[in-house]
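No lab work stands behind these numbers, since they all come straight from the coordinates. These numbers come from a predicted model, not from an experiment. Cβ placement follows ideal geometry from the backbone for every residue including glycine, while neighbour counts extend to all protein chains displayed.
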Amino acid sequence: MVFFLPAYSFCQSTGNISGKVTDRATGKGLPGADVLIAGTSLGAATHLNGTFNISDVPAGTYILRTTYIGY
């Protein structure tokens, strides 16, 4: 059983979550917004065009929370 558990941990799949945070009124991307996966420590800040990518996300269903200073 000791040898089975370490091998099992390598079988779990991960993926990426990516997207774009935009201003509702103008449709332009918002740079510097924080995008976090609720209940985890995983997240990213948006780039100059409002896009983001969160890597190594375990398979599942998540809620994203976005904060932006100034809104």
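A few notes on this one:
- Structural descriptor for segment 11-63: relative contact order 43 percent, calculated from alpha carbon pairs under 8 angstrom and at least 6 residues apart.
- Full-stretch length increase - Thr14, Thr67 - with 0.36 nm per residue and alpha-carbon distance subtracted: 16.6 nm
- Estimated FRET transfer efficiency when R0 is 25 angstrom, pair Ser55-Thr22 (beta carbons, to 0.05): 0.70
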